[in-house]
1. With the contact rule set at Cα under 8 Å and sequence spacing of 6 or more, what percent relative contact order holds for the chain?
2. Report the calculated FRET efficiency for residue 35 and residue 327 (r = Cβ-Cβ distance, R0 = 45 Å), to the nearest 0.05.
3. Thinking of segment 216-344 as a set of Cα atoms, what percent of all their pairs are more than 27 Å apart?
4. Of all DSSP beta bridges located in the chain, what percent are antiparallel, nearest 5?
5. What is the extension gain from residue 338 to residue 377, computed as 0.36 nm multiplied by their sequence separation minus the C-alpha to C-alpha distance, in nm to one decimal?
6. Rounded to two decimals, what is the ratio between the C-alpha radius of gyration of segment 196-292 and 2.2 N^0.38 Å?
7. Quick one: Cα centre-to-centre distance for segment 355-432 and segment 438-494, in angstrom?
8. Is segment 301-349 best put as rounded, prolate or oblate by its Cα gyration tensor, with a ≥ b ≥ c the root eigenvalues, rounded for a/c under 1.5, and otherwise prolate when a/b is larger than b/c, oblate when not?
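Just so it is clear, none of the values below were taken in a lab; they were calculated from the coordinates. A quick note: this is a predicted structure, and the numbers were derived from the prediction, not measured. When we count neighbours, we look across all protein chains shown, and the Cβ atoms used for this are built from the backbone with ideal geometry, even at glycine.
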Ligand code: GLN
C-alpha cells in the first residue's frame, strides 16, 4: 500500500497504526520528486538534506495531525538557510535568515518540507511558464501547461509527490492551477493565514493557501496555519474552531448562486468550441447534483460592465502595488549585484539583468499608474471599481451562502496554443476568480470532471470569514462527484 497517495486522514491513521512510517513517506516522496523533476520541473530545490535532518528529530515534536507528513512550498516563501528565489534571477542566490510564519508553524507541527516549488516569476503570471528555471508541465498531459503562478506546488500534489502543498494567490494563482491539475486549491479569507515571510506581490490581494487532494484535508492544513501573527498586522484574531473536526457536510443554509453572464452561451458566440461547450454542460450537471443535495441554486444578474472590468481593475491595482513592493529588489540588499560606477548604476544594471521582460512590463505599467498625474484617473478609479464589485458581492452574500462557477473557461492550454482573443468576453470572464481577492473572500476550486482527458474545476466562493461554511459546501458538492483524491499518471507522454 502506498500511503503517500492517500488523504491526510488516511495517512495519519496509517502512521498511528504503524502501517507506514514517516521515514517511508519521506523516502517515497523524495524518490518521486527526483523521478519526475526532469519531465515536469516542479521544484527549484529539493531539500533532501534538510528533511532527512528534520526526520531525525521528529520524535521530539508533540503529536499532531500533520506530524511526519511530507509537503512542498512555493519558492516565494522565506525559508531559513534555504534558497528562496521566487523563480526570478533577481533573487537567484537569495538565502533568507528566517522562516515565513507558515513554514515555522508547519515545522512546529512536525510537517516535513521536501522542497521549494517553481512559480511564475515573482508570482506574476498564470501559466507556470515564466520561471527562471523553466516551464512546469501538466502531469495529466506534459504538452499542456499546469497554470500558475503556484505551478510547482500544484503539479507536485497532482503527481502524488506530496499530499499537500502551500501556494499563494493574488488573482487566482492557487485556484486556477488547481482546476488545470485536478486537485483542490483553497485560499482562505484575507488575513486568516499570516503572510509574514511571503514575498509581497500586491499586498491588498495576497493570500496564503494550499493544495490538497480532498476538501477535508484543507481543514488539517488551515488548522495548523491559521491565527493571529504579531508579525502580520493584517492577520485575523485566533478562532475557537477546529476546521478538521467540523468539515462534515453539516450546514444549516444551502443557498447558492451563479453569475448568469459567465455561463451564458450567447456571450461566447465568437469563441465557442467543443471544449467550452463541454465545460458549460459539466456546470449544468454540477447544478443538478447540488440540487439533489438540497441546495437551491439561482442565476443572478451581475452588471456586465463590472464583470468586464475585473481584469483591468486587477491589473491596475496589482501592477501598482507590485511596483512599489518590489522596489527593494535592487541587487544591493538581496540577490546578485551587477557592477556599476554609482549606486544608481548598480541598481539599474541589477534590475535590468534580474527581471524578465514580462516583469519589466508590469513595473512600467505600475510606475505609469502611480505617477502623480495618473493616480486619480487610474489607481484610485480602479480602487473605486473594486469597491463596487466587492459591495455587490457583499450584498449577495447576505442572501446566499456561496457562489459557484466554472473555475476556468478552458482546459489547461497547450504550450504553443494560439491564445484566444484577449479582448473577448471569454478571456475577460475567465478572470472572475480575482473577485475573491478584491474582497478577501474565502474561495476554493475542487475537481468536477474531465474534458478532452483533462481535469476541470468548480470554483466556490463565500462571504468574508465564512471559511467553514465554504468548506462544508465544497465537501458536500465533492461528495456528489467521483473525482476526490485523484492523482495524475506522470508517465503519460501527451
Ligand atoms: N494570473 C494572475 C496574474 O498574472 C494572478 C497571479 C497570482 O494570483 N499570483 O497576476
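1. Relative contact order here is 18 percent.
2. Efficiency, from the Cβ-Cβ distance: 0.65.
3. When all Cα pairs of segment 216-344 are counted, 58 percent exceed 27 Å.
4. So the antiparallel bridges in the chain amount to around 70 percent.
5. Contour length minus the Cα-Cα distance gives 10.4 nm.
6. Normalised Cα radius of gyration, segment 196-292: 1.52.
7. Each part's Cα centre sits 21 Å from the other's.
8. It comes out prolate by the Cα gyration axes.
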